[in-house]
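Asks: Below are the C-alpha cells for one structure; questions will follow.
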C-alpha cells in the first residue's frame with residue numbers, strides 16, 4: 001500500500017516536472033524572426049486509448065500577423081507534419097475563427113498578436129513509453145512583407161493518468177472557441193451574380209455584425225463588401241462570387257456573428273446548386289422592354305377594368321371637345337400612373353434595404369389597405385349610381401358631366417389604377433420586377449418608369465390622336481345609364497376585397513368592416529342633408545377598420561407549402577408542383593379556374609405522382625417572400641414544376657389548361 005502511494009506521488013511529481021521543465025525542453029519552443037512557436041500538450045502522461053489535446057501557440061510581434069486555413073487574397077495558412085509513433089493518429093487542425101486583415105486592395109484572413117491551433121491525438125491500445133511527439137510546422141508571419149517560417153517542436157510523454165492542470169484548462173477553453181454547428185435555420189441561394197445567405201432568427205435576436213469566411217479559395221470575392229439586411233425574424237448576407245471560376249460543390253466556411261454582447265463563430269456547409277433556384281437572368285435592356293410590354297398588357301387584366309372604366313367614360317366625355325383639354329387630361333392621367341409606379345418602386349426598395357422581404361402587390365397584404373380600398377370602391381359606386389356631386393377631389397372621379405374640367409380627377413384616376421393594378425402580374429412583368437427589386441439601383445427606377453409608360457401608352461396614343469376618339473359615340477343621356485351601370489363593377493371589386501379580407505381577419509372584424517362600408521355609403525348620401533353628420537359617420541367607419549391579422553386563420557392543410565416539405569419531397573425524388581398564389585391576385589385565381597382546377601389536370605397529376613403544394617401569400621409571409629426572391633421573383637403568380645431529381649421549370653405567368661398539360665406530360 002505504501003509502495004503504491006509512493007509510486008503515485010512520484011508520478012505526480014514527474015508530471016508536474018514535465019509541465020514546468022519538460023524533457024527535451026529546448027525542442028518545445030522554436031524562436032523565429034518576428035514570432036515564437038511553442039507546442040503545448042494538455043498533459044505529459046497518457047494511458048492506452050487516451051485522447052490528448054495539443055496546442056501550437058504562435059506569439060507574434062506587434063503589428064505582425066499569420067493566416068487562417070484560407071488566407072484570402074494572399075498568404076498561406078500554417079502547415080503541420082506530425083511525426084508520430086505507429087498507431088497514434090492526429091486530427092485535422094482545429095482552427096479558431098479568423099479576423100479580416102485588409103491589405104489594400106486585397107483582403108486576407110488570419111490572426112494578430114497570438115493564436116493557438118489545436119490538434120487532437122488518439123492513442124492505440126498498446127503503447128511503448130516514453131513517447132516522443134514531434135511536429136514540423138511551416139507558417140508565414142507578415143507585416144509590410146511576408147516572412148516564411150519553419151521549425152520543429154516536440155515533447156515527450158510518459159505512462160500515467162492525465163492530470164488536470166492550468167494548461168489543460170487553457171487548451172479546453174480554447175477548444176470551446178472553435179467554430180461549431182450553426183444553431184440557426186439557414187440556406188444559401190444564388191440570385192443573378194450574388195450569393196444570398198439567409199438565417200432565421202429566434203426571439204427577435206438582434207445581430208449587429210456578421211461575416212462569412214469561405215473555406216475554399218475561389219468561392220467569393222474576398223475584397224467585396226458583404227451586405228447585411230435584417231428584419232425581426234431573419235437576416236440575409238449578400239456576397240459577391242469570385243470572378244475565378246472554380247468547381248466548388250459546397251458553400252462551406254465559417255461565419256462570425258456578433259449580437260452586441262458576445263461573438264460566436266459557426267460552421268456552415270451547404271450543397272451549392274447555383275442553377276436550381278437561379279432563374280434565367282435577363283439583361284437590363286431586356287428587363288426594360290419586358291416592363292414596358294407588361295405595362296401595356298396590364299391594361300387588359302381583370303383587376304384593372306373597374307378603374308379604367310372611369311377613364312373610358314372621361315374619354316367619351318372629352319372626345320368631341322377641346323383637343324388641348326383632352327391632351328391635358330391624358331397627360332395628367334399618365335403623370336398619376338408614372339408617379340405612383342415610381343413611388344411604389346421606391347417604397348419597395350426602401351423597405352427591402354431595411355431588411356424587409358417585400359414584393360409586388362404588398363399593399364393588399366395589409367387589412368388596413370384592403371378595407372380602405374373596399375370603402376373607396378363602395379363610395380365610388382354610390383357616386384356612379386346617384387346624381388351626387390362631391391367637392392372632394394377624390395370623389396370627383398365619379399363625376400363626368402360635360403362641364404367638369406378638373407384635371408386632378410384624371411391624375412387621381414391614374415393613381416388609383418396603379419394601386420388596384422398591382423395585384424395583377426401581366427406576362428413579362430415577373431422577371432422584370434424581379435430584376436428591379438433584387439438588383440436595387442438606378443436601373444430599378446428605369447424599370448418602374450418603363451412599366452408606367454407601358455401602362456399609360458394606350459391613353460397617350462388616344463389623346464394625341466383625336467381622329468381615333470372621334471369614332472367613339474357622342475356624349476348623351478346614354479352616358480348617365482352607362483355611368484350607373486359602371487357602379488356594379490365597383491361594387492363587385494368591393495365584394496372581392498371583402499373576400500380577401502376574410503382570409504386575413506376573423507369573422508367579427510370582417511363583419512365590422514362590411515358594416516363600415518355601409519356607413520361610407522350612408523355618409524355620401526347624407527352629404528347633401530348634413531355635412532357634419534356625414535363627417536361623423538365617415539369617422540365612425542374608419543374606427544371599424546381592422547389593422548391586424550387574426551391568429552386563428554392559419555392554413556394547416558397537407559398541401560401547404562414549406563421549404564422543408566419541398567426539400568424532403570425532392571430528396572425522395574418525388575415530382576412537385578408549387579403554386580405561389582394569393583387571394584388578392586386575380587391573375588392567380590383566373591389561372592386556378594381555367595387550368596389548375598380542371599379535372600384533366602388533377603387526373604394527370606395523380607397519374608404521374610406529382611405532389612401539389614400551395615404557397616399562399618395572401619397574408620404577409622416573409623418565408624414565402626424569401627423563396628420568391630430565391631427564384632428571382634417579387635410577386636405572384638409563380639408556378640414551379642420540379643421533375644424528380646431535376647432542376648425546376650418556371651411556367652408562364654398566364655396559364656391555360658393546354659399549356660399546363662403540355663408541361664405535365666413531359667414529367668416521366
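Asks: Looking at the structure I just gave you, is residue 534 in a helix (DSSP H, G or I), surrounded by 14 or more Cβ atoms within 10 Å (Cβ to Cβ) and modelled with pLDDT of 80 or more?
Replies: The answer is no for residue 534.
Asks: Check whether at least one residue in segment 596-617 is out of contact with any strand residue (DSSP E or B) (no Cβ under 7 Å at 6 or more places or on another chain), within 27 Å of residue 199 (Cα to Cα) and assigned by TED's automatic domain parsing to the domain that holds residue 575, and report yes or no.
Replies: No, segment 596-617 has no match at all.
Asks: Another question, if that's okay. (1) at pLDDT 85 or above; (2) crowded, with 19+ Cβ neighbours inside 10 Å: which one isn't true of residue 603, the others all being true?
Replies: The one condition residue 603 does not meet is (2).
Asks: Any idea how many residues of segment 595-612 are farther than 20 Å from residue 652 by Cβ and either assigned to a helix (DSSP H, G or I) or without any contact (Cβ under 8 Å) to a residue 24 or more places away in the chain (or both)?
Replies: Qualifying residue count, segment 595-612: 4.
Asks: Working carefully through the options 341, 362, find the one that is closer than 28 Å to residue 632 by Cα and at pLDDT 75 or above.
Replies: 341 is the lone residue from the list that is closer than 28 Å to residue 632 by Cα and at pLDDT 75 or above.
Asks: Can I ask one more? What are the residues in segment 76-87 that are part of a loop (DSSP other than H, G, I, E, B), in contact with a strand residue (DSSP E or B) (Cβ under 7 Å, 6 or more places away or on another chain) and surrounded by fewer than 19 Cβ atoms within 10 Å (Cβ to Cβ), if any?
Replies: Passing the criteria: 76, 84, 85.
Asks: Could you say whether any residue in segment 224-231 is assigned to a strand (DSSP E or B), buried (at least 19 other Cβ atoms within 10 Å of the Cβ) and either within 17 Å of the chain's Cα centre (by Cα) or at pLDDT 85 or above (or both)?
Replies: yes
Asks: Testing residue 173 on (1) under 28 Å from residue 136 (Cβ atoms); (2) surrounded by fewer than 16 Cβ atoms within 10 Å (Cβ to Cβ); (3) touching a residue at least 40 places away in the same chain (Cβ under 8 Å), one condition comes back false. Which one is that?
Replies: Looking at each condition in turn, residue 173 falls short on (3).
Asks: Scanning for something in a loop (DSSP other than H, G, I, E, B) and at pLDDT 75 or above, does segment 276-290 turn up at least one residue?
Replies: no
Asks: Exactly one of (1) in a helix (DSSP H, G or I); (2) loosely packed, with under 14 Cβ neighbours inside 10 Å; (3) modelled with pLDDT of 80 or more is unmet by residue 592. Its number?
Replies: (2) is the only condition that residue 592 fails.
Asks: Here's something else I'd like to know. Return the only residue of 430, 434, 414 being in a helix (DSSP H, G or I), modelled with pLDDT of 70 or more and surrounded by 24 or more Cβ atoms within 10 Å (Cβ to Cβ).
Replies: 414
Asks: If residue 587 satisfies every condition in (1) part of a strand (DSSP E or B); (2) more than 23 Å from the chain's Cα centre (by Cα) but one, which is the exception?
Replies: Failed condition: (1).
Asks: Sort out which residues of segment 176-201 are under 17 Å from residue 115 (Cβ atoms), surrounded by fewer than 17 Cβ atoms within 10 Å (Cβ to Cβ) and either at pLDDT 90 or above or in contact with a helix residue (DSSP H, G or I) (Cβ under 6 Å, 6 or more places away or on another chain) (or both), and write them in order of number.
Replies: The one that is under 17 Å from residue 115 (Cβ atoms), surrounded by fewer than 17 Cβ atoms within 10 Å (Cβ to Cβ) and either at pLDDT 90 or above or in contact with a helix residue (DSSP H, G or I) (Cβ under 6 Å, 6 or more places away or on another chain) (or both): 178.
Asks: From the residues in segment 633-649 that are at pLDDT below 85 and surrounded by fewer than 23 Cβ atoms within 10 Å (Cβ to Cβ), which one is nearest to residue 586 (Cα to Cα)?
Replies: 648
Asks: Related question: Would segment 205-214 turn up any residue that is modelled with pLDDT of 90 or more and either in the same structural domain as residue 99 (by TED's automatic domain parsing) or over 28 Å from residue 634 (Cα atoms) (or both)?
Replies: For segment 205-214, residues modelled with pLDDT of 90 or more and either in the same structural domain as residue 99 (by TED's automatic domain parsing) or over 28 Å from residue 634 (Cα atoms) (or both): present.
Asks: Going by the structure shown, is residue 397 in the same structural domain as residue 483 (by TED's automatic domain parsing), modelled with pLDDT of 75 or more, in contact with a helix residue (DSSP H, G or I) (Cβ under 6 Å, 6 or more places away or on another chain) and in a helix (DSSP H, G or I)?
Replies: no
Asks: From the set of residues in segment 613-632 that are more than 25 Å from residue 368 (Cβ to Cβ) and part of a loop (DSSP other than H, G, I, E, B), which is modelled with the highest pLDDT?
Replies: 631
Asks: For residues that are without any contact (Cβ under 8 Å) to a residue 40 or more places away in the chain and not in a strand (DSSP E or B), scanning just segment 88-129, find the one that is farthest from residue 62 (Cα to Cα).
Replies: 129
The values are calculated or read from the model by the stated rules, or taken from the named source; none is laboratory data. What you see is a predicted model, and the numbers here were worked out from it, not measured in a lab. Glycine also receives a Cβ, built like all others from the backbone with ideal geometry; neighbour counts cover every protein chain displayed.
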